[in-house]
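Each reported figure results from applying straightforward, stated rules to the coordinates on display, with no laboratory input. Computed from a prediction, not measured in an experiment: that's the story for all the values here. Cβ placement follows ideal geometry from the backbone for every residue including glycine, while neighbour counts extend to all protein chains displayed.
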């Protein structure tokens, strides 16, 4: 692809270099070749530009390099432009409309003609599968579930009864959508009585769910993942949770039941959130944070119990000095005792 065409596709401008330069791929600074394009969005990595073999580079606004022998595509955000370039060089494979002979499909299921259903897929009664959907091998769709147009469901995924997956969603291997919420009542005999989980899970459009993630249904009502939310591998989302638009939930995070996550919230890896809490829009929880209380919109929190990130950083600095401070205190106590004895 010519550099000028790539610039047009990625919303960037050829600032220097030959617009007719042929670019065959996009790659990182350390592995890019002479016919490939790379990117630099963070000035911290500017030194790596001196060693890259790339023939062209995306640069964010305000980022400059010394090299003159590399073509420059100027973009508002070099990382976004680079990502768009990756899409251009690695377009999604079109589906091959077909139903494998080993698939088991209930007679009442409504299946569009333009779908790809692979080996050993099971589709229950009254399901609806829209056009452009691709179901990889060993996917199980329970009764009454619905999958929207152009969604991709990878092997081993289970979508439970009456759950809904929107358009352009991706669910990765072995995830479970609509598993029973963890709800029990203690009887007079102090035994656990299972609470029927009769609700459902709704994934709105453009949601992506990583591998081995579980999203529980509610006892009544629904668990809802709103448009554009991205959920990583090994995440547990409890019953009746709501995750708002464009939230980002990273690996090994756990949300207890009835948690509300706002728009564009970022929960880093291994964050734990207690139930019935609200985390406001644009809040961020750094990795391994434990959140026992509501979090205000725009707040950055860390630690357990999660506190303001700046306070946590100061506390962490003190924690590293505790052994030394303890020794100082003991020495002072001895001096005070000696003084009092006199």
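Remarks
- Full extension of the segment from residue 45 to residue 5, taken as 0.36 nm per residue of separation minus the current Cα-Cα distance, would add 11.7 nm.
- Cut-off 20 Å, label 7 Å out along Cα→Cβ of residue 310, residues of region 285-301 by amide N: 285-287, 295-301
- Fraction in percent of alpha-carbon pairs per bin - 10 Å, the chain: 6, 19, 20, 22, 18, 8, 4, 2, 1, 0
- Site pair residue 340 and residue 328 shows an inter-label distance of 2.2 nm when each label is modelled 7 Å from Cα along Cα→Cβ.
- For region 3-89, the Kirkwood hydrodynamic radius comes to 12.2 Å, computed from all pairs of different C-alpha atoms.
- Cα centroid separation, region 257-323 to region 136-157 (Å): 34 Å
- Rounded to the nearest 0.05, the FRET efficiency derived from the C-beta distance between residue 92 and residue 184 at R0 = 45 Å is 0.60.
- Note on the chain: helix-only mean residue ellipticity at 222 nm, from DSSP H runs of 4+ residues weighted -39500 (n - 2.57) and normalised by residue number, equals -5000 deg cm²/dmol.
- Most tightly packed first, judged by the mean number of other beta-carbon atoms within 10 Å of their residues, the peptides 105-111, 138-144 read 138-144, 105-111.
- Protection proxy ranking of 288-296, 320-328, 60-68, 259-267 - average other beta-carbon atoms within 10 Å, highest first: 259-267, 288-296, 60-68, 320-328
- Extension gain for residue 212-residue 20 works out to 64.6 nm (0.36 nm per residue, less the C-alpha to C-alpha distance).
- Residue exposure sequence - 202, 207 - by fewest surrounding Cβ within 10 Å: 202, 207
- By average C-beta atoms within 10 angstrom, highest first, the peptides 303-313, 158-168, 219-229: 158-168, 219-229, 303-313
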